Amino acid sequence: MSDSTTPMPGVAAGGKPSVRQTPKPGTAADAPPGSRTAAPRGKFTKRERNLTFAGLLVVFLLGALDQTIVSTAMPRIIEHLGGLNLYTWVTTAYLLASTVMVPIYGKLSDDFGRKPILIIGVVIFLAGSALSGLAGEFGDLPLLGGGMTQLIAFRALQGLGGAALFSSAFAIIADMIPAAERGKYQGLFGGVFGLAAVLGPLVGGFFTDLGDTHLLGMTVAGWRWVFYVNVPVGLIALFMIARVMPALPAAGKKGKLDLLGAVLIVTTFVPMLLALTWAGTTYPWGSPVILAMLGFTVLSLAAFVTVEARVSDPMLPLELFRIRVFTTANLASFVINVAFLGIVMFLPLFMQLVLGVSATNSGFTLLPLMSGMIVSSFVAGLVVTRTGKYKPLMITGSVILLVGVFLLTRIDLDTTLFSLGWRMVLVGIGLGPAQSQFTLAIQNAVPFSRMGVATSASQFFRQIGSVIGLAVFGTLLTLSVQREIPKYVPALPGVTQAFDLGSLSGLSGEAGAASLDAGAPGDAGGVMAAVHGAAAALSEKLAAVVAGDAAAAAEVAADETLPASLREFATRAPGLTPDERAAQAPQVAAGVEQYFGDLAAGLDHGIKQGFSESIKLLFIVSFAILLLGSAIIPFIPGLPLRKVAAIDATRMTE
């Protein structure tokens, strides 16, 4: 079996099969990719495989659900715990902890075995889930403070465990199933991910709306079950893993733990992730805080590369980057995930603000995309298993994805839900192979002894791409909204023309539009509050004009944003008698009502038009980024798939 410094037997450093092979007789680890002589299964039985796979599916569902279920409950959590200014940290804390720990868990699983690392990860995740549900239950706590800061700390703990779920699951699949058969199994994981994307908001909404429940004499708020639900599901997975899953032998040589490398991973990517999260929202992109954090990231990255090149057993072996499949597939996956976030994160906003989909139905907005991705991921897995070739599917998927995103750039104000839906299905079909085949190609190309760290690196680069995409597209959308919407909305008397995503919150969906048309008072949304405030101020001024206030009459008459009939009345009002002004007051009031009715309609149409143009710009940028990612895919070597599973290779060498 390959050691930690030698490229995979049968594959040269560039990722192409070497011309001459001299495998050690009877050693499955040295069988080149595509070898038709499979090693015997040894002790790994069919029952072990099936039950272990079922446990991994539960683990995967656990991690995938957590990413979609919490956001639905956040408004109720804020209501109970307060701390609106800390809202984003509930997600950021989990993201930071889970992302930076992914490569560390991958290396540890290579050195100490998958099973103990996965069990540790599940236990930490469940502890974080239970504690998150208890956040604020006992008031302020020493060091942790109030309920919201407690929740943030416990979500970070949850992320520390969650990092082990995905990377360990994919690495274990690589251990027990040969690459030639792995595609159909990984397709099922894609299906679980899509299912979680749909079930998460529904389950989260159900528990949030459940209200208070009573258990063992205690009153439990409904939103707490969003976290508690992880516990029974996780315990089932934990039982299956602990009792059924065999103790997979460590794939690599257990060397001196690279603690400095682990620390440098944290010091490199935590500041980077924070900078990308805060840039354009909390701080401007060019602020000293953001620039300092990015500068520190660069210095820490340079130190990390230097350390990893010198230590005997690095946390992320740099020789993996000499394997062409590993480098090109990770680069393509990284680029595609940057663009992927530009589509997935902001399509629901378009559907709410432009097409009138209510926020309560937002959990269903991505169903067409996820359905296409689930089906294509599963079908791609079956095709790869049958043909033994993954590269044609990668190229085909990228072409379909490009066509789908190009069609998304053509949407406008008149696009229907059905028209948008079939475009989303097309995008999902293109994304399916991209989400599953990159991992398969990487696992097939790296040495068995590096399977865990290579798999986790693939997930790590994918998550980093997603974070960068979210930051870039979030900033781009904010700037575009500020530029585009003022072009299409009518002038608002006494209201600034500066728009941002927060100010549009009161106008999302049918409810927001209806409340604008009705002139509902007291709406807290930014634009809505401004419009109602302007209406109230104008009504007061006109009442003063009717009462004979000459200064108010002059102010109304000089306001060119008001209708001519209102300004004309204000001009004539000082010369009218009180009875004449009172007699004309109903007509003036009707004019005000008509004016604000027309203003509301124009404002609604203008916001939709401007936001539609902003979203189209995002899709155009996504298309350009996807072109770059798709251009990399043809350079990924299409190696024959291994016929030997990593665990069989390991047992043959014992």
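The values are calculated or read from the model by the stated rules, or taken from the named source; none is laboratory data. It should be emphasised that the depicted structure is a prediction, and the values quoted were computed from it without experimental measurement. Because the Cβ atoms are built from the backbone with ideal geometry, glycine has one as well, and the counts that use them run over all protein chains shown. SASA here: full protein model, heavy atoms, side chains in, ligands and nucleic acids out. Shrake-Rupley method; radii C 1.70, N 1.55, O 1.52, S 1.80 Å.
Where helices (runs of 4 or more DSSP H) fall entirely within the range 539-654, those with at least 1 residues that are closer than 30 Å to Thr478 by Cβ are at 578-632.
With the structure loaded, tell me whether Thr306 is over 25 Å from Tyr390 (Cα atoms), in contact (Cβ under 8 Å) with a residue 60 or more places away in the chain and either hydrophobic (A, V, I, L, M, F, W, C) or open to solvent by 30 Å² or more (accessible area, probe 1.4 Å) (or both) or whether it fails that test.
Values: over 25 Å from Tyr390 (Cα atoms): yes; in contact (Cβ under 8 Å) with a residue 60 or more places away in the chain: no; either hydrophobic (A, V, I, L, M, F, W, C) or open to solvent by 30 Å² or more (accessible area, probe 1.4 Å) (or both): yes.
No; evaluated as a whole, the condition is false for this residue.
Here the range 400-439 is the region considered, the condition is being β-branched (Val, Ile, Thr) and assigned to a helix (DSSP H, G or I), and the residue that is surrounded by the most Cβ atoms within 10 Å (Cβ to Cβ) is Val427.
Yes/no per residue for (1) among the small types (Gly, Ala, Ser); (2) open to solvent by less than 10 Å² (accessible area, probe 1.4 Å); (3) out of contact with any Lys or Arg (no Cβ under 6 Å at 6 or more places or on another chain); (4) within 30 Å of Ala179 (Cα to Cα):
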| residue | (1), (2), (3), (4) |
| --- | --- |
| Val546 | no, no, no, no |
| Glu555 | no, no, yes, no |
| Leu566 | no, yes, yes, no |
| Ala585 | yes, no, yes, no |
| Ser622 | yes, yes, yes, no |
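Of all residues in the range 440-464, those satisfying the criterion of being buried (at least 24 other Cβ atoms within 10 Å of the Cβ) and either closer than 16 Å to Gly191 by Cα or of a type in the set (A, V, I, L, M) (or both) are Leu440, Ala441, Ile442, Ala445, Val446, Met451, Val453, Ala454, Ala457.
Which of the residues spanning the range 275-295 are in contact (Cβ under 8 Å) with a residue 40 or more places away in the chain and crowded, with 18+ Cβ neighbours inside 10 Å? Can you show your working first?
Within the range 275-295, the subset in contact (Cβ under 8 Å) with a residue 40 or more places away in the chain is 276-277, 279-281, 285.
Listed by number, the residues that qualify are Leu276, Thr277, Ala279, Gly280.
Scanning the range 72-90 for residues that are open to solvent by less than 90 Å² (accessible area, probe 1.4 Å) and either more than 19 Å from Ala221 (Cα to Cα) or part of a helix (DSSP H, G or I) (or both) gives Thr72, Ala73, Met74, Pro75, Arg76, Ile77, Ile78, Leu81, Leu86, Thr88, Trp89, Val90. Within the span defined as the range 253-260, one or more residues are modelled with pLDDT under 85, surrounded by fewer than 20 Cβ atoms within 10 Å (Cβ to Cβ), of a type in the set (A, V, I, L, M, F, W, C) and within 28 Å of Gly113 (Cα to Cα). Gly295 passes every criterion in (1) over 22 Å from Ile620 (Cα atoms); (2) at pLDDT 80 or above; (3) in contact with a helix residue (DSSP H, G or I) (Cβ under 6 Å, 6 or more places away or on another chain); (4) part of a helix (DSSP H, G or I) apart from (3).
Only one of Pro249, Pro284 is within 30 Å of Leu57 (Cβ to Cβ) and modelled with pLDDT under 90; which? Explain how you work it out, then say what you get.
Numbers: Pro284 fails: within 30 Å of Leu57 (Cβ to Cβ).
So the residue among Pro249, Pro284 that is within 30 Å of Leu57 (Cβ to Cβ) and modelled with pLDDT under 90 is Pro249.
For (1) at pLDDT below 80; (2) outside any loop (DSSP other than H, G, I, E, B); (3) not β-branched (Val, Ile, Thr), each residue gets a yes or a no:
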{"position": "Gly14", "(1), (2), (3)": "yes, no, yes"}
{"position": "Arg36", "(1), (2), (3)": "yes, no, yes"}
{"position": "Ala39", "(1), (2), (3)": "yes, no, yes"}
{"position": "Ala54", "(1), (2), (3)": "no, yes, yes"}
{"position": "Val59", "(1), (2), (3)": "no, yes, no"}
{"position": "Gly63", "(1), (2), (3)": "no, yes, yes"}
{"position": "Gln67", "(1), (2), (3)": "yes, yes, yes"}
{"position": "Val70", "(1), (2), (3)": "no, yes, no"}
{"position": "Leu96", "(1), (2), (3)": "no, yes, yes"}
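Out of the range 532-544, which residues are surrounded by fewer than 17 Cβ atoms within 10 Å (Cβ to Cβ) and among the hydrophobic types (A, V, I, L, M, F, W, C)?
Of the residues in the range 532-544, the ones surrounded by fewer than 17 Cβ atoms within 10 Å (Cβ to Cβ) are 533, 536-537, 539-540, 543.
If the condition is that a residue be surrounded by fewer than 17 Cβ atoms within 10 Å (Cβ to Cβ) and among the hydrophobic types (A, V, I, L, M, F, W, C), then Ala536, Ala537, Ala543 are the ones that fit.
The lone criterion from (1) crowded, with 23+ Cβ neighbours inside 10 Å; (2) of a type in the set (Gly, Ala, Ser); (3) without any contact (Cβ under 8 Å) to a residue 12 or more places away in the chain left unmet by Gly121 is number (3). Just to be sure before I move on: is Leu143 free of Cβ contacts under 8 Å to residues at least 24 places away in the same chain, aliphatic (A, V, I, L, M) and at positive phi in the structure I sent? Yes.
The single condition among (1) among the aliphatic types (A, V, I, L, M); (2) in contact with a Leu (Cβ under 7 Å, 6 or more places away or on another chain); (3) open to solvent by 10 Å² or more (accessible area, probe 1.4 Å) that Ala380 does not satisfy is (3). Quickly run through the range 383-393 and pick out the residues that are open to solvent by less than 10 Å² (accessible area, probe 1.4 Å) and in a helix (DSSP H, G or I). Val384 - this is the single residue of the range 383-393 that is open to solvent by less than 10 Å² (accessible area, probe 1.4 Å) and in a helix (DSSP H, G or I).
Does Leu476 meet the test of being open to solvent by 30 Å² or more (accessible area, probe 1.4 Å), among the hydrophobic types (A, V, I, L, M, F, W, C) and either modelled with pLDDT under 85 or not in a helix (DSSP H, G or I) (or both)? No; evaluated as a whole, the condition is false for this residue.
Restricting attention to the range 346-366, does a residue exist that is part of a helix (DSSP H, G or I), within 18 Å of Phe623 (Cβ to Cβ), open to solvent by 20 Å² or more (accessible area, probe 1.4 Å) and without any contact (Cβ under 8 Å) to a residue 40 or more places away in the chain? Walk me through how you get there before you give the answer.
As a first pass, look at the range 346-366 and keep what is part of a helix (DSSP H, G or I): 347-353, 359-364.
Okay, now just the ones that are also within 18 Å of Phe623 (Cβ to Cβ), so 347, 350.
Narrowing the set further to residues that are open to solvent by 20 Å² or more (accessible area, probe 1.4 Å) leaves none.
No, because not a single residue in the range 346-366 is part of a helix (DSSP H, G or I), within 18 Å of Phe623 (Cβ to Cβ), open to solvent by 20 Å² or more (accessible area, probe 1.4 Å) and without any contact (Cβ under 8 Å) to a residue 40 or more places away in the chain.
Taken over the range 562-604, residues that are touching a Phe, Trp or Tyr at 6+ places or on another chain (Cβ under 8 Å), closer than 30 Å to Glu484 by Cβ and among the aliphatic types (A, V, I, L, M) amount to 2.
Within the range 630-654, restricting attention to residues that are among the polar types (S, T, N, Q) and in contact with a Ser or Thr (Cβ under 6 Å, 6 or more places away or on another chain), which residue is modelled with the lowest pLDDT? So, considering only residues that are among the polar types (S, T, N, Q) and in contact with a Ser or Thr (Cβ under 6 Å, 6 or more places away or on another chain), the one modelled with the lowest pLDDT is Thr653.
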